[in-house]
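The values are calculated or read from the model by the stated rules, or taken from the named source; none is laboratory data. Owing to the predicted nature of the structure, the values given are computational and were not obtained by experimental measurement. Cβ sites come from the backbone with ideal geometry, for glycine too, and all protein chains shown count toward neighbours.
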Amino acid sequence: MCNSIFSFSNSCHRDGLIITPIFLETMAGKIHNWEVRNWDNSQSELDRKPQMKTIATMILASLVCMLFVSTSFAVADDAPPSQSFSAKPAPTSLALNAPRADSIGDEQTATDNHAEKESETTVTEGVARGDRRMAPTALSPVYRKKWALIVGIDYADREDERASSAKNAAALPTLSNAVKDAQGISATLKQYYAYDQENVIELIEADASKAAIDTALGSLCDVGKVSPDDCVFVFFSGHGVRSSRGTSFLAHDVHLAGGAPVSGHLRLQEDLVRRLEDCPAKHKLVVLDHCYSGDVFNNNFQPPSHQDRSDKGLQRVPAFQAMASCRATQVALDAGRLNQGHSPFTAAFIDGLTRLPANGRRSDAIGTTKLASYVSTTFDVATQKPECRNLIATDGEFSFWPADVSFDQFRVKTGDRNLLNAMTSRHGDWWFNERPWFIPAVRTLILQQIAESNTARGTVNDQHIDELALRLAAEKAFDVKDSYRESTKRYYKLLLTTQGTNKFRDSLQTICDELEAQMLGESQDAFTPSNAEPMLPEDLHLLAIVQHALKRSDDAHDNYRKAETAYNKLRKSGNTRFRISSALCCADHGELLLGGMGKAHEAADKFREAESGIRTLTEERDAGAVFRMSIMCREASAYLRINRWKGANQLLDDALDLTQPFASDSYFAAQVHRNRAWAQIIQWKMLEAKQSFERSNEILANLFRSEREDDEDDATDTSLVDKPTLGNNQHPAAQKAFRSLKTFTAFHHSDDFASKLAYLHNLHGIAMAQRFRGDTYNASQNYRSLARHVEATFSDLMQGIATDTLTRMYVVRSINTQERLGDCNLFGDPEYIDLKEAIDDYRRSRSLVYQIAGVERRQLEAVLLYKTALALALPSEVQDTEMAVEMCKRADTLFEVDDQARIATGLYWALGKLATPMVAVLNQKACFNDETVACDQPAIDLRTAILDSRDVLGQHPHRDQLEILLFASKILLEHSPNSNRFTIAEDSDLLLSFCRLALASYRFDDVLAQSESKAYLRPYYDSVMRAKLGIPGRKHVLDLLEIQAEATTGARYMKPDDSQPILATYVLDGECYLLLDLPRGTSKAFPLEGIYDFASIQAACYGTDQLTLPGEILGQLNRWLVDNRERVRNGNGTEHLEIDLRWKDPVRNLSSGIFLADTVSDSVTVAKPVAIQGQCPFMLPRGFTAAADSKADGTE
């Protein structure tokens, strides 16, 4: 202990610390704390006395030693008078108002009850346990005095200036909240941060003249009044204007000419920043809430402050910082959307000052950068971006030190935490589909019961919520008088008892009718009975919810907005619960906009508003993290609907980060992984999607096992989530996860049908990823297996108690599985597709649609009709274009309803625009014969529809949309009656443009970025190659080389740096073509039919003997070689001739080697050694060498 104190004394000297009696007293308290913590509690009082005497001696000796060292060094270093030792005690006010010298610590392990009790500890109790104040020193960031200048001007009585000209009126409108902002800041500093009244200068409205502000600034620069141990805080709220000389803040007595100030204004640089540079205070902070306030940084080239500035050493360094409510080119809002009685910036600023000390892991002080980070996180105004920087070249940090007052009203309570976590849907959609009884008015009652049962903080297993609800109903929890309103009890029981029955919709209608009548009575100021209940925000919220559930979207939209307004009025009280209720209402509104109204843009805004309302309630990641995670996933879904992939990916990454500290192995983490996987599939990242699906299922499988952890069969279940290998002799590795589900005991015995549905949906996603990687066969086999598992699990569900929601979701899963099986036979590899199977799969899927209601039924019906029509219209043994046309007419009738309502999106929209024109082209071709004249109109209509759709969807159509565009363009190219060479070339390039949207982005380096879907895309590239090879009179093959490169590598093609001979192979329809391009020479395609068959070429690739090039190609190469020698003699050629050989085609099994099966470990694929080495199948003539192979061959 003594060694530690002497070590500390030396560090004190190095840091310039001067010891005062109050500091010694504080150190004594700290040593007392150390003694109490390290005492052997087993000792008796008598045994402790010798130790007490020894420790007392140690304390005295150590403190005397420190005092001597400190005073000696102070004299030796010729310290200035302001820093020399003085025995005079600090003023009593400082001792009482200064913040604590010790910190609570980085890890908060106490419960909410303990934390709340701690916040109420009195000053006397704090001193008793050594929690003393330190006098201001160079080490301690506690200030001797805290000064503040606070200015707020609304300009309400400056009509004279506004009346002088229109420009002046536009430059000086009356504000609503600037005065309130100043008063709110002043009250917060005095009440919660111990700013003394006599040290706070408030200049409000007419008192804030230019002269008064100048005088106040001058007083803050008075060295006889303000010392280097002080801090100075300056806050301006009012109008700011820009001019050629910079930005100015307008005092109350400003005079304008043509909208520009001529007097009564303060230039930010000259009159504020440079003035305060003379202020002697160690720490200075200027906060500006006015238009163009970011201009305060323009002459100070300090970078933005970093968020992580928690090092307490920064508090010892001088600081001159500024925080601006907007950038130099932005205007600042006077009132935000929530109308909180403050500007959005000041509301967030005050919110940070009150909530940061109240919640989570508290530090000793609130640093400026930490507060700025909070403001930035809370701030949700798109046109305004707050900034925080240092104004001088030092790295200090102005700090706000909380006073010894209770922040309890700003703390997130246990019930509120549970409320947030309970609002997460197990299915990833709207909570009401699972817990309709969990209405706004009843939530508080239920959550109070949870708090009383001491539920662990941060729990993410929401099963206890359902159990508690049933217990509340059974035990008549509503019997407690005055704890609820009669209507709350009635609505709760009505929804609870009818959930999952045919009477549920009637219950919703009853509640809706009653609430609408109640609202109508209030709006008409009609006579109501004395026992009538007033319309509360919870009632408006509930009315919107039931209208939402009843598909009355417009009415629900209206009442959600009314409920949000009502909640936001209550938010001004500072009660956390109203803030949470407002966020939950926004989330419900977002669900309506996304699902019921198809307005993805507006839905994303609502979800973001809901999440931002919660994210800063506490620094503890468990409070509301599950709710936030869910809302982030829903916002990402909205972004994916409008093809904003980057934003969706960031949200999903952030949601996954939220699960790491406490829920990485929970159902909710599995849900995030599943959401990420579907987003990756939409973006053609198939391997990443497969890994995300597998990770989600690993988590779910462990949850199934945890239900039966004592079952001996669990030991055999581990094979389910092992990465697939070729070790299974019965089925290929690609089918193992599907086939082995039959023997997964824990899955079949689980009663968690929501998790089982999620597990099956993940398998569905894995099969889809296989199809989009070109593995049609395994994908179709897996969908067949999955369809049986879905049906079996659904049958198990129906033998127990099944909710309407879960039943509907299993029906949708059955429909979708059959539909995607049909897709394998319609859109898959031509070698494996079977159109009659596709027709039958779609028929089976349609037979289940009647079990779905509303808009979803109409959309599913239309999609399946369109796909069936396409399968019927394509040439095959079961072609029936007449039936296909009739189906399209029926589907078009359904689609027009949703298209006019603008709720047709994704695959549905693409089919609605393109399916009927495709069928028309196929029908025209089927009906064409030698006696009829071909009609170009169907092809023209289809081409127009494709181009229009491309214009709407842009460069980022999602997976299903792009597939329909590819399919439509392929039909146009292959089945329209075109003999015009230009039209064929244009239609070929149209299809090629869609192929490229699925390719990986080009990278300007040596790494060739390859698409995972090149096998899937190959039939479309083949169609383009086939059409272009068929164009008569072809003069070159440069466009064919581009097609060959992209089809075989899966990467965008860019011409090489140097022009050199190119010889490429392309396998099409079982035959091989050689494409030869010689610079300034021959450029021609050579079919090898009749010369070499594909089997011979493949044998040469993997054998020892290469094939001789056809005679015509050898002749062209030899003639070019002779011409090149002549160019060398003339100084225009090169003697070293390389030819770029492009023979690798992994999709058609021509590659640099045949590999054994890959192994997969921890989501990392490790390739096995090459079993058979490959080579170019053709022998080059003498005089040529193969160019260095700098391209990857795309082998998978």
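Structure values in brief
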{"item": "Among (1) modelled with pLDDT of 90 or more; (2) in a loop (DSSP other than H, G, I, E, B), the one test that Phe320 misses", "result": "(2)"}
{"item": "Filtered residues of the stretch 824-849 (kept if over 35 Å from the mean Cα position of the chain (by Cα) and either of a type in the set (S, T, N, Q) or not assigned by TED's automatic domain parsing to the domain that holds His764 (or both))", "result": "Asn825, Ser847"}
{"item": "Filter pass, Pro261 being within 47 Å of the chain's Cα centre (by Cα) and surrounded by fewer than 18 Cβ atoms within 10 Å (Cβ to Cβ)", "result": "no"}
{"item": "Residue match in the stretch 919-942 (condition: touching a helix residue (DSSP H, G or I) at 6+ places or on another chain (Cβ under 7 Å), more than 19 Å from Asp880 (Cα to Cα) and hydroxyl-bearing (Ser, Thr, Tyr))", "result": "no"}
{"item": "Residue among Ser219, Ser243, Ser237 that alone is in contact with a Ser or Thr (Cβ under 7 Å, 6 or more places away or on another chain) and among the hydroxyl-bearing types (Ser, Thr, Tyr)", "result": "Ser237"}
{"item": "Index of the failed condition, Arg902 passing every other in (1) within 33 Å of the chain's Cα centre (by Cα); (2) assigned to a loop (DSSP other than H, G, I, E, B); (3) at pLDDT 95 or above", "result": "(3)"}
{"item": "Flag for Ser1001 being within 38 Å of the chain's Cα centre (by Cα), modelled with pLDDT under 95, crowded, with 19+ Cβ neighbours inside 10 Å and not hydrophobic (A, V, I, L, M, F, W, C)", "result": "no"}
{"item": "In the stretch 144-170, the residues that are out of contact with any Pro (no Cβ under 6 Å at 6 or more places or on another chain), in a loop (DSSP other than H, G, I, E, B) and crowded, with 16+ Cβ neighbours inside 10 Å", "result": "Lys145, Ile153, Asp154, Tyr155, Arg158"}
{"item": "Residue count, the stretch 280-291 (criterion: more than 22 Å from Ser343 (Cα to Cα) and buried (at least 21 other Cβ atoms within 10 Å of the Cβ))", "result": "4"}
{"item": "Top-ranked residue of the stretch 1052-1073 - restricted to ones that are touching a residue at least 60 places away in the same chain (Cβ under 8 Å) and in contact with a helix residue (DSSP H, G or I) (Cβ under 9 Å, 6 or more places away or on another chain), ranked as surrounded by the most Cβ atoms within 10 Å (Cβ to Cβ)", "result": "Tyr1066"}
{"item": "Condition check for Asp714: crowded, with 16+ Cβ neighbours inside 10 Å and at pLDDT below 75", "result": "yes"}
{"item": "Top-ranked residue in the stretch 1080-1092 [being modelled with pLDDT of 90 or more and exposed (fewer than 14 other Cβ atoms within 10 Å of the Cβ); ranked as nearest to Asp1145 (Cα to Cα)]", "result": "Pro1087"}
{"item": "For Gln1044: the one exception among (1) in a strand (DSSP E or B); (2) within 30 Å of Ile1172 (Cα to Cα); (3) not aromatic (Phe, Trp, Tyr)", "result": "(1)"}
{"item": "In the stretch 498-517, residue surrounded by the most Cβ atoms within 10 Å (Cβ to Cβ) [restricted to those that are free of Cβ contacts under 8 Å to residues at least 24 places away in the same chain and assigned to a helix (DSSP H, G or I)]", "result": "Ser507"}
{"item": "Scan of the stretch 1064-1096 for residues that are under 50 Å from the mean Cα position of the chain (by Cα), not aliphatic (A, V, I, L, M) and not in a loop (DSSP other than H, G, I, E, B), ordered by number", "result": "Thr1065, Tyr1066, Glu1071, Cys1072, Tyr1073, Asp1077, Phe1094"}
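Residues checked against (1) of a type in the set (Lys, Arg); (2) in contact with a Phe, Trp or Tyr (Cβ under 7 Å, 6 or more places away or on another chain):
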position	(1), (2)
Phe982	no, no
Leu997	no, no
Arg1018	yes, no
Ala1027	no, no
Glu1046	no, yes
Gly1050	no, no
Ile1062	no, no
Tyr1066	no, yes
Tyr1073	no, yes
